[in-house]
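Visitor: Starting off with a structure, shown below.
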Amino acid sequence: MPQIQHIIDFLERIAPPALQEDYDNSGLLVGEPHTEIQKVLVSLDVTEEVVEEARANGAGLIVSHHPIVFRPLRSLTGRNQVERTVMAALRAGIGLYAIHTNLDNVAHGVNAMMCRKLGLEGMQVLRPATETLAKVVTFVPQGHSEVVRNAMFAAGGGQIGHYDECSFNLDGEGTFRAGEGARPFVGQLQERHHEGETRIEMVVERWNVRKVISAMKAAHPYEEVAHDVVMLDNAHPTAGSGGIGTFAEPIAWSDFVERVKSAFDAPVVRHTNPPKKAIQTVALCGGTGSFLLSDAIRAGADVFLSSDFKYHEFFDTEGRITIADIGHAEAESGISQWLVDQLADFKLGFPNFAVLLSEVRTNPIHVS
Ligand SMILES: [Zn+2]
């Protein structure tokens, strides 16, 4: 039977926790990592009703997009719905795991799901993440470069966008002198040794640097492994906020509105002046996206599709873009099913393991 930690490891390969925003609280919020579980329930939000649904179905873990605990809890007395939900989960022995802004911030996550629903192609990240990349450099005796390179790739090094196994390799000559107590791989004690070496360098996501370095050291024949870690200022090609994509054929505003309503099951679209020409390029962001409005304008999008715009923010288009606001739960409505689909791959390793999609309507907002 899988443990909660196995599911966490799987989900964190999809959305590294290091990509969550500073204000967020993604991760395991309730429960012990080594608890064995047979079923997982997936939901956009966690409420008391969702916990009850998990209990009734024998699910030991709820995976939600939104974290139920967002601000620190100072007590657990059941005085509000957050405390009551956490207490209900504790009483029922159900773990709570949130995969929130880290899933917003991977290119294959929430925004890709929204692009697919709308039929947008060629999605790019709207505001690429910075301070996420490093370069790892090491120097390996030439006969050993392949095994070290392979170990670094296997640990996650050398990935750039849709490419992996990216590295640069330059042959040169290294020198060293082994001192008292050393057990050199080649050369004699107290004598300067010259060795033909390959300089291997590759891009590594910062959260993988330690893993790549320990794999590199384990595969490297030298006792002391010379290596550099350099922080890069480059933007991440496949991580960041929001997305932008294009329709194969431009579509009229009225068709766009209908498509949005049916794709997201949205009862209403609140919007600014419709664009004067047919819509080709759409920027979007699941959840609260107003912080990306200027990025969407700069990127030349015809429409910015998101949610949670405040009255005054609708003035900020300057006539250069159309805001389309479909509501928070509607924008993210496909994410639970998407997570269920991803977890199907996890299930393959555990024949009796089940993943359930919550049937509880958690959206507190109704439109009359
Ligand atoms: Zn959200």
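The values are calculated or read from the model by the stated rules, or taken from the named source; none is laboratory data. Because the structure is a prediction, the values reported are computed rather than measured. Here the Cβ is made from the backbone with ideal geometry for all residues, glycine too, and neighbour counts use every protein chain on show.
Visitor: Please state which one of Val125, Val136 is crowded, with 20+ Cβ neighbours inside 10 Å, more than 26 Å from Gly289 (Cβ to Cβ) and either among the basic types (Lys, Arg) or more than 16 Å from the ligand (Cβ to nearest atom) (or both).
Guide: The match here is Val136.
Visitor: Given the criteria within 30 Å of Ile160 (Cβ to Cβ), under 18 Å from the mean Cα position of the chain (by Cα) and outside the structural domain of Asp295 (by TED's automatic domain parsing), does His65 qualify?
Guide: Yes.
Visitor: In segment 252-263, how many are assigned to a loop (DSSP other than H, G, I, E, B) and within 19 Å of Ser336 (Cβ to Cβ)?
Guide: Selection size over segment 252-263: 0.
Visitor: Being aliphatic (A, V, I, L, M) and surrounded by fewer than 21 Cβ atoms within 10 Å (Cβ to Cβ) is the filter; apply it to segment 139-154 and report the residue that is farthest from the ligand (Cβ to nearest atom).
Guide: Val147
Visitor: Please go through segment 338-368 and give me each residue that is part of a loop (DSSP other than H, G, I, E, B), free of Cβ contacts under 8 Å to residues at least 60 places away in the same chain and more than 16 Å from the ligand (Cβ to nearest atom), ordered by number.
Guide: Those that are part of a loop (DSSP other than H, G, I, E, B), free of Cβ contacts under 8 Å to residues at least 60 places away in the same chain and more than 16 Å from the ligand (Cβ to nearest atom): Leu348, Pro351, His366, Ser368.
Visitor: Hey, any hits in segment 240-253 for a residue that's within 30 Å of Pro17 (Cβ to Cβ), in contact with a Pro (Cβ under 6 Å, 6 or more places away or on another chain) and at pLDDT 95 or above?
Guide: yes
Visitor: Turning to a different aspect of this structure: Mind checking which residues of segment 281-309 are away from the ligand (no atom under 16 Å from the Cβ) and of a type outside the set (A, V, I, L, M)?
Guide: Result: Thr281, Ser294, Asp295, Arg298, Gly300, Asp302, Phe304.
Visitor: Would you mind stating whether Gly242 is touching an Asp or Glu at 6+ places or on another chain (Cβ under 6 Å) and under 30 Å from Gly122 (Cα atoms)?
Guide: no
Visitor: I'd like the residue in segment 92-111 that is among the aliphatic types (A, V, I, L, M) and part of a helix (DSSP H, G or I) and, out of all such residues, is surrounded by the most Cβ atoms within 10 Å (Cβ to Cβ).
Guide: Val110
Visitor: From the residues in segment 264-280 that are closer than 12 Å to Trp253 by Cα and assigned to a strand (DSSP E or B), which one is farthest from the ligand (Cβ to nearest atom)?
Guide: Applying the filter and picking the extreme gives Gln280.
Visitor: Under 7 Å by Cβ, and 6 or more places apart or on different chains, what pairs join a residue from segment 274-291 that is among the β-branched types (Val, Ile, Thr) with one that is assigned to a loop (DSSP other than H, G, I, E, B) and modelled with pLDDT of 95 or more?
Guide: Sorted first by the residue in segment 274-291, then by its partner, the pairs are Ile279/Asp302; Thr281/Gly300; Thr281/Ala301; Thr281/Asp302; Val282/Leu120; Val282/Ala301; Val282/Asp302; Thr288/Asp308.
Visitor: Quick check: is even one residue across segment 311-330 part of a loop (DSSP other than H, G, I, E, B), more than 13 Å from the ligand (Cβ to nearest atom), under 30 Å from Glu359 (Cα atoms) and modelled with pLDDT of 95 or more?
Guide: The answer is no, given that none of the residues of segment 311-330 is part of a loop (DSSP other than H, G, I, E, B), more than 13 Å from the ligand (Cβ to nearest atom), under 30 Å from Glu359 (Cα atoms) and modelled with pLDDT of 95 or more.
Visitor: So Val125 ticks every box in (1) β-branched (Val, Ile, Thr); (2) part of a strand (DSSP E or B); (3) over 27 Å from Glu21 (Cα atoms) but one. Which box is left unticked?
Guide: (3)
Visitor: Do you know which residues across segment 97-111 are within 16 Å of the ligand (Cβ to nearest atom) and of a type in the set (A, V, I, L, M, F, W, C)?
Guide: Ala98, Ile99, Leu103, Val106, Val110
Visitor: Quick check on this structure: which one of Ile297, Ile335 is in contact (Cβ under 8 Å) with a residue 12 or more places away in the chain, crowded, with 19+ Cβ neighbours inside 10 Å and among the aliphatic types (A, V, I, L, M)?
Guide: One residue alone meets the criteria, Ile335.
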